[in-house]
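What follows is a set of notes on a single structure, which appears directly below.
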Amino acid sequence: MSTAQFESVSGSIANYKPDDRIITNDGFFPNIDTAEIRSGFRVLDSITADRLRQAVIRSMISVNQDLSSWKAAKIKDGASKLSDVSSDQIDGQSILKMQYFQAVGCYTRADLIDSYRDVDRTHHGRHETDDLEPASGDLRRDAIHAIRDILGKTRTTAVLI
């Protein structure tokens, strides 16, 4: 089986087989390692690798669509990938890459929470878990905040009544 190199969100370069846990992105946004999503967003081991992979792919599609106009503007400005876009860094990593990862991870976790909300849980277990887990709506809000941060937009919308 052939191998290829990829640059993950964390910036590390690694070799992988196409059937491994790496989800190849569109060439502009970084590839996503499902193991980083699993550990970074507390995805339980009971979630199969295939189900996690599908949730991450759906999330990547959604985030990429939300950022499509921004991406087109950055490409027009000469960037060929997200890491080419000027960004402050924290802990040696681009804030833009961290925000992208945050958006994908939050959407993924929200998707999985909605999919598994009442599977194999007793009434008592449901209430205990609900107290500990963030609501899927909170995770979607956090994803939207990360996307708005990338876009340079404020997080608050005020409406006059």
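If you go through the range 1-54 and keep only what is among the aliphatic types (A, V, I, L, M), out of contact with any helix residue (DSSP H, G or I) (no Cβ under 7 Å at 6 or more places or on another chain), at pLDDT 55 or above and assigned to a strand (DSSP E or B), you end up with just Ile22.
The rows are residues; the columns are (1) surrounded by 14 or more Cβ atoms within 10 Å (Cβ to Cβ); (2) of a type in the set (Asp, Glu); (3) over 16 Å from the mean Cα position of the chain (by Cα).
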position: Phe41; (1), (2), (3): yes, no, no
position: Thr48; (1), (2), (3): no, no, yes
position: Leu52; (1), (2), (3): yes, no, no
position: Ile57; (1), (2), (3): yes, no, no
position: Leu82; (1), (2), (3): yes, no, no
position: Ser87; (1), (2), (3): yes, no, yes
position: Gly92; (1), (2), (3): no, no, yes
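For the range 59-75, filtering for residues that are under 13 Å from Tyr107 (Cβ atoms) and surrounded by 17 or more Cβ atoms within 10 Å (Cβ to Cβ) leaves 7.
Restricted to the range 99-119, and to residues that are among the charged types (D, E, K, R) and part of a helix (DSSP H, G or I), which residue is modelled with the lowest pLDDT? Looking at residues that are among the charged types (D, E, K, R) and part of a helix (DSSP H, G or I), I get Asp114.
The values are calculated or read from the model by the stated rules, or taken from the named source; none is laboratory data. Computed from a predicted model, the values in this text were never measured in an experiment. Because the Cβ atoms are built from the backbone with ideal geometry, glycine has one as well, and the counts that use them run over all protein chains shown.
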